[in-house]
Amino acid sequence: MSVAAPGRVLPGERAVLILARVCAVISALAVVAIMVAIALQVVVRALWGFTLPGMLEVAQSCLVIAVAFGLGWAAVTGDHVSVTLLTDRLSVRVNRVLDVVVWSVSAVLVAWLAYTSTTRALEATERGEQGFGIIVWYEWPWRWFVAVGFVVLLLVCVMNVARSLTGARPYDQVDRDDESVADPRAQRQQR
């Protein structure tokens, strides 16, 4: 993986990548849980004519995890919407400056999101927030998943600012033919 200088890894870089990867795996498992909950609900309704209590809440809660925990990895791998009509026509130097500006602004906005979602999670936890429905389903734990997802995304944004400032490309612009952020085997081979 290319970092600030050949053979040099920025402090905390590996930890941020591992954390983002772990969150991505949890996000994928949440998607599987959603599919199982929905399939189970369909089968039970088709065979026995009733619905399982709580399946809607399980699916909704897992969707929160799937989205929030997928944010950081999407920023690492570049699996987000990106239009390069303008930046493709700019020089490398101007693109480096834009990388610093854009990732810095992103870090500030995501820091605000992380802060507000954390304070909201604290308030919801103190109140023991729960939803309305047939069963008692506490909503405050899922607010913490959103807060953690934003914190992981913030760490990736900060690392991208650091990479841009040191001359390395942000993760989402890494050429997958030359270097791989997503493949830990490639990292081990380069050590």
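Round to a whole number: what % of the accessible area of the chain belongs to carbon and sulfur, probe 1.4 Å? Please report the intermediate quantities before stating the final value.
Working: 7830 of 11460 Å².
Summing carbon and sulfur atoms, their accessible area is 68 percent of the total for the chain.
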Requested in this report: Any chance you could get the radius of gyration and Dmax over the Cα atoms of the chain, in Å?
Outcome: 20.2, 65
Query raised in the report: What residue among F145, Q130, L10 has its Cα farthest toward the positive end of the dipole of the chain, where the charges are +1 on Lys, Arg and -1 on Asp, Glu, each on the Cβ?
Result: L10
Report summary line: Per the helix-only model, the chain has a calculated mean residue ellipticity at 222 nm (DSSP H runs of ≥4, -39500 (n - 2.57) each, divided over all residues, rounded to the nearest 500) of -23000 deg cm²/dmol
Report summary line: Note on the chain: helices (DSSP H) long enough, at least 27 Å by alpha carbon along their axis, and hydrophobic enough, mean Kyte-Doolittle at least -1.0, are 13-48, 92-127, 140-165
Query raised in the report: Solvent-accessible area per residue for the chain at a 1.4 Å probe radius, Å²?
Result: 60 Å²
Report task. Could you check how many percent of all C-alpha pairs in segment 42-106 are farther apart than 20 Å? Result -> 57 percent
**Report entry** Protection proxy ranking of 36-47, 101-112 - average other beta-carbon atoms within 10 Å, highest first
**Finding:** 101-112, 36-47
Report task. List, largest first, the extents of the alpha carbons of segment 31-71 along their principal axes, each in whole Å. Result -> 38, 15, 7
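The values are calculated or read from the model by the stated rules, or taken from the named source; none is laboratory data. Small disclaimer: the values here were computed from a predicted structure and weren't measured. Note that we place each Cβ from the backbone using ideal geometry, even for glycine, and neighbour counts take in every protein chain shown. Each accessible area value is taken on the protein alone, full model and side chains, heavy atoms only, with ligands, DNA and RNA left out. Shrake-Rupley method; radii C 1.70, N 1.55, O 1.52, S 1.80 Å.
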